[in-house]
Amino acid sequence: MKIFMVGAGQVGTTILEALRGEHEFRVVDRDHERLAELVQNYGVTTVEGDGTSRRVLEQGGVDEANLFISCTSHDEANLIACLLTRRLAPNAKTIARVSNEEYLEVWRDRFLDVDFVVSSELEAALAVSRIIGIPAARQTDVFADGQVQMVEFEVPREIASGAVIGKRLRESAVPYDSRVVSIIRAGKRIVPRGSERIEAGDRIVVIGSPKAINLWSSIVAGGEQRTGDVVVFGGGRTGVAIARVLLSQGSRVRIIEADARRADRIAELLPRARVLVATGMNPDFLDREQIGRAEVAVFAMREDTKIHYAATLAKLHGVPFTIAIVHDEVSIEVFEKSGIDVALNPRLITSEEIVRFAHDPRTRQVSMLERDRFEILDVTVREDNELIGKPLSELPAKGTIIGAIIRNDRAIFPHGHDRIQRGDRVIVFTESKHAGELEREL
């Protein structure tokens, strides 16, 4: 596939990282140093210039593109670039990244002639809401209209051995309708064969039904449940999007915003939320407002350093679970190693949404884990595939595991004796470097 991309920032780089070697890329950006780095790291063709310029697009060869992605930090530039490409390359699929949810609504109402519009803020809000709903989850996603859930859990180091933890998988009481598809220990992946054990400190990736995932959450989180008392620090677009989604799901939400005018606007926009004018970094304020009694605090401020301080302070005041919306990819590891429970980068989440359009058309959904070390794909099996009719236990291993089968719009959580049938979709876990090969095999 020929992919023409405007934007060489974090989103663009993540897309390149996920798809390198599988497609032919041309990247447009104004920043010479960014482009030089992409050439050095990925060997892609680059065009220095303005992605909203018809001349730059034409000279760059946009008319040859199969897929056009505009993922700069400027909404209007991304939309204009896509609309221009509609005329210059009518057969190309167009994707625009936006921050303003209003553009997303306009697109949904079909006022914008763009194939797909993705909002970083909304995707971050949805990710936060899923994590809050599943105690101990580090990352989660849903497939097949909610019939299948994928969750990455971190097993607490202090957890005691029990019916699942510490026992060989073949002997453990793994919740029915679920499969452990990966164990990550000390940064290394272990294929979860029957002889392996889940140990304290492991990260595990589980695919299962919503009911099974709730059971897993009880096993890993010790039965803790969050009822939805959430404090959101920061009333920017991301913070408002998070608050809106959580309110729609019945959570009680307090929003802390330092700018009084901005706080007034938020109060009008979200009347069911309680809006407090404060920085959120004053210990007296946290005590007075009893912030420590909240079950979850989400930090969506503009600077990672302020987020880190505010989240650490909230932890010290008793908030049991903290989620940081970070701006720099490097912050993720720093935050999580310093005690913040979950760190999310909206740009990485946005990249995940865009990446699926560059996969085989039979791939409906892609979820990326561990900074795209691994992927979970929802793929429809070819009608003439030689794997059809064979027991799953006889399929080539390669560390790839089928976590669920969608058959006649129903989810099946298979065992070794189950077989793939014509028309099946499979939810499959694989290393990202094998994703292209896997799609071809299926």
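The values are calculated or read from the model by the stated rules, or taken from the named source; none is laboratory data. This is a predicted model, so every value here is computed, not measured. Please note: Cβ atoms are built from the backbone with ideal geometry, for glycine as well, and neighbour counts cover all protein chains shown.
Summary table
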| quantity | calculated |
| --- | --- |
| Any hit, the stretch 39-55, residues being touching a residue at least 40 places away in the same chain (Cβ under 8 Å), more than 24 Å from the chain's Cα centre (by Cα), surrounded by 15 or more Cβ atoms within 10 Å (Cβ to Cβ) and in a helix (DSSP H, G or I) | no |
| Exclusive hit being surrounded by fewer than 20 Cβ atoms within 10 Å (Cβ to Cβ) and outside the structural domain of SER73 (by TED's automatic domain parsing), set ILE323, ILE332 | ILE332 |
| Single residue of VAL118, VAL142 found to be in a strand (DSSP E or B), in contact with a strand residue (DSSP E or B) (Cβ under 7 Å, 6 or more places away or on another chain) and surrounded by fewer than 18 Cβ atoms within 10 Å (Cβ to Cβ) | VAL142 |
| Whichever residue in the stretch 346-377 is farther than 24 Å from THR94 by Cβ and either part of a loop (DSSP other than H, G, I, E, B) or in the same structural domain as HIS23 (by TED's automatic domain parsing) (or both) and, among such residues, is farthest from the chain's Cα centre (by Cα) | ARG373 |
| Matching option when the condition is surrounded by 13 or more Cβ atoms within 10 Å (Cβ to Cβ) and at positive phi, among GLY403, GLY436, GLY423, GLY399 | GLY399 |
| Residue satisfying condition, being at pLDDT below 95 and not hydrophobic (A, V, I, L, M, F, W, C), within set SER99, SER53, SER70 | SER99 |
| Residue in the stretch 302-317 that is buried (at least 21 other Cβ atoms within 10 Å of the Cβ) and at pLDDT below 90 present | no |
| Qualifying residue in the stretch 287-297 (condition: of a type outside the set (Asp, Glu), within 29 Å of GLY9 (Cα to Cα) and either surrounded by 16 or more Cβ atoms within 10 Å (Cβ to Cβ) or touching a Gly at 6+ places or on another chain (Cβ under 9 Å) (or both)) | yes |
| Pair list, Cβ < 6 Å and 6+ apart or interchain, from the stretch 77-99 residues that are of a type in the set (Lys, Arg) to residues that are assigned to a helix (DSSP H, G or I) | ARG97/ASN78; ARG97/THR350 |
| Output for the stretch 242-291, where each listed residue is of a type in the set (Gly, Ala, Ser) and at pLDDT 95 or above | ALA243, ALA258, ALA260, ALA263, ALA267, ALA273, ALA278 |
| Residue in the stretch 221-239 that is assigned to a helix (DSSP H, G or I), crowded, with 21+ Cβ neighbours inside 10 Å and touching a residue at least 40 places away in the same chain (Cβ under 8 Å) present | yes |
| Filter result (under 17 Å from GLU353 (Cα atoms) and in a loop (DSSP other than H, G, I, E, B)) within the stretch 89-115 | SER99, ASN100, VAL114, ASP115 |
| Subset of the stretch 163-196 [under 27 Å from the mean Cα position of the chain (by Cα) and assigned to a strand (DSSP E or B)] | ILE165, SER178, ARG179, VAL180, VAL181, SER182, ILE183, ILE184, ARG185, LYS188, ARG189, ILE190 |
| Residue in the stretch 185-199 that is surrounded by 20 or more Cβ atoms within 10 Å (Cβ to Cβ), free of Cβ contacts under 8 Å to residues at least 60 places away in the same chain and under 30 Å from ILE412 (Cβ atoms) present | yes |
| Qualifying residues in the stretch 73-96 (those that are of a type in the set (Ser, Thr, Tyr) and at pLDDT 95 or above) - the one nearest to ILE3 (Cα to Cα) | THR94 |
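Each row is one residue, and each column tells you yes or no for (1) β-branched (Val, Ile, Thr); (2) modelled with pLDDT under 90; (3) touching a strand residue (DSSP E or B) at 6+ places or on another chain (Cβ under 6 Å).
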site: ILE165; (1), (2), (3): yes, no, yes
site: LEU169; (1), (2), (3): no, no, no
site: TYR176; (1), (2), (3): no, no, no
site: ALA186; (1), (2), (3): no, yes, no
site: VAL206; (1), (2), (3): yes, no, yes
site: LEU215; (1), (2), (3): no, no, no
site: GLY222; (1), (2), (3): no, yes, no
